[in-house]
Amino acid sequence: MATSSTTPSGAADALALDKPRAPKRPAARRSNFELYSWLFMRISGALLVVLVLGHLFIMNILDGGVHRINFAFVAGRWASPFWQFWDLSMLWLAQIHGGNGVRTIINDYARKETTRFWLKIVLYISMVLILAVGTFVIFTFDPNIPAT
Amino acid sequence: MSTAVSDNDTSSGPQQAGPKPPPVPEGSRTVTLKIQRFNPEFDEEPRWESYDVPALSTDRLLNLLHYVKWYLDGTLAFRRSCAHGVCGSDAMQINGVNRLACKVLMKDMLAPQGKPTVITIAPIKGLPVQKDLYVDMEPFFEAFKAIKPYLITYGNEPSKERIQSPADRERFDDTTKCILCACCTTSCPVYWADGSYFGPAAIVNAHRFIFDSRDQGAEERLDILNDAEGVWRCRTTFNCTDACPRGIQVTKAIQEVKRALLFKRV
């Protein structure tokens, strides 16, 4: 009986195993972030099918398509709040949808924690910049730019 | 759980032939097995070696591996135990897909008459190779243990057995078939790239308890699988479903766990 008392601690040492293959496993995040990002991808994807196909149809096929696009055409469209809202939602949904997709790709393929971190920083900065510039243009677009 | 068939007689030199091979049976054809070899004591990198083995169309691939082991090169190491597709020891990558060597029949592998048959065999990917075809399964079982693969109940024990209707039993029937061979997990590209993902096999075994009407630990397990390394990493490539030697609809089980998380309902 007494002789076996050393075995449990010895066995415990031997069984101090690494978590699945990764050198160290991050503490489990008890949040629904991944759930919501997964859900967002589905919903935004469905909306983007309508928004992007509609956009492509108007820009490339309807009424002579791409040949009639010029400054006046864009100005005319953005005079309507409907098309402003259309383009704004397309910008935000596509940017976050695509950005989230790239985030998961970085998570899947980056081998080192530092690579992962910096790639994501670059991604987030570019996302914020594009969203900010795009939103700024849509809201402050002035059709009467003085010719210089 | 499994028997490692490793070299037990190295005294007569490397590459030694074992006992004299039995006479080649009538109607057999020569098959080339191209096997990925790795000996941690000598090799820096895995290398490929080819063996010509006589095969009958009634053979399983495992018979051919035994032929190599017993008569051609006793240093070949691979796992096998029951050899009948039940224990799940001999999972390996055969012609690029994960299969159990004991369930692969030569009649499906032989090239048309007159053409040479070459079968490529490599260890399952994503787990550290220890020697030749056997890998360290411990990370795989670690993920399995992490999802609490046992009955969890609260309150008083029932005085008789825990009753379950056939319909309730049917709910998780598919995922009870898992033999933990690791074919699915080691066919998953997400697992290859990032081994901290739980992997299909762990999720299948969580599914088996989450959807069991007698079990009360569903919430705990769903919470574990809601992790950043849990079900949301699945990209539905269906490699796991394709690899499963038991025909479990693995991707479907993963999707059902996602749905349970999404709608907070089992």
The listed residue being at pLDDT 95 or above and either open to solvent by 30 Å² or more (accessible area, probe 1.4 Å) or touching a His at 6+ places or on another chain (Cβ under 7 Å) (or both), out of B:Thr175, B:Thr186: B:Thr175
Is it fair to say B:Lys115 is open to solvent by 60 Å² or more (accessible area, probe 1.4 Å) and within 14 Å of chain A (Cβ to nearest Cβ)? no
Subset of the stretch B:186-239 [more than 9 Å from chain A (Cβ to nearest Cβ), part of a helix (DSSP H, G or I), within 20 Å of the chain's Cα centre (by Cα) and of a type outside the set (D, E, K, R)]: B:Thr186, B:Ser187, B:Trp192, B:Pro200, B:Ala201, B:Ile203, B:Val204, B:Asn205, B:Ala206, B:His207, B:Asn239
For the stretch B:211-252, give me each residue that is at pLDDT below 95 and of a type in the set (A, V, I, L, M). B:Ala218, B:Leu222, B:Ile224, B:Leu225, B:Ala228, B:Val231
Residue pairs qualifying under the 6 Å Cβ cut-off, at least six apart or on distinct chains, with the first in the stretch B:43-71 being modelled with pLDDT of 95 or more and the second being in a helix (DSSP H, G or I) and open to solvent by 50 Å² or more (accessible area, probe 1.4 Å), are B:Tyr51/B:Leu72
Name, by its number, the condition in (1) assigned by TED's automatic domain parsing to the domain that holds B:Asp242; (2) outside any loop (DSSP other than H, G, I, E, B); (3) in contact with a Lys or Arg (Cβ under 8 Å, 6 or more places away or on another chain) that does not hold for B:Lys148. (2)
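Matching residues to (1) within 25 Å of B:Phe78 (Cβ to Cβ); (2) free of Cβ contacts under 8 Å to residues at least 60 places away in the same chain; (3) of a type in the set (Val, Ile, Thr):
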| residue | (1), (2), (3) |
| --- | --- |
| B:Leu133 | yes, no, no |
| B:Ser159 | no, yes, no |
| B:Gln164 | no, yes, no |
| B:Arg171 | no, yes, no |
| B:Lys177 | yes, no, no |
| B:Ser187 | yes, no, no |
| B:Ala193 | no, yes, no |
| B:Ser196 | no, yes, no |
| B:Gly199 | yes, yes, no |
Where B:Thr175 falls short, out of the listed (1) in a helix (DSSP H, G or I); (2) more than 18 Å from B:Val266 (Cβ to Cβ); (3) more than 14 Å from every other protein chain (Cβ to nearest Cβ); (4) of a type in the set (S, T, N, Q): (2)
Screening B:Ile119, B:Ile94 for residues that are out of contact with any Lys or Arg (no Cβ under 8 Å at 6 or more places or on another chain) and at pLDDT 95 or above leaves only B:Ile94
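The values are calculated or read from the model by the stated rules, or taken from the named source; none is laboratory data. Computed from a prediction, not measured in an experiment: that's the story for all the values here. All Cβ positions, even for glycine, are placed from backbone atoms using ideal geometry, and neighbour counts span all protein chains on display. Keep in mind that these areas ignore ligands, DNA and RNA; they rest on the heavy atoms of the full protein, side chains included. Shrake-Rupley method; radii C 1.70, N 1.55, O 1.52, S 1.80 Å.
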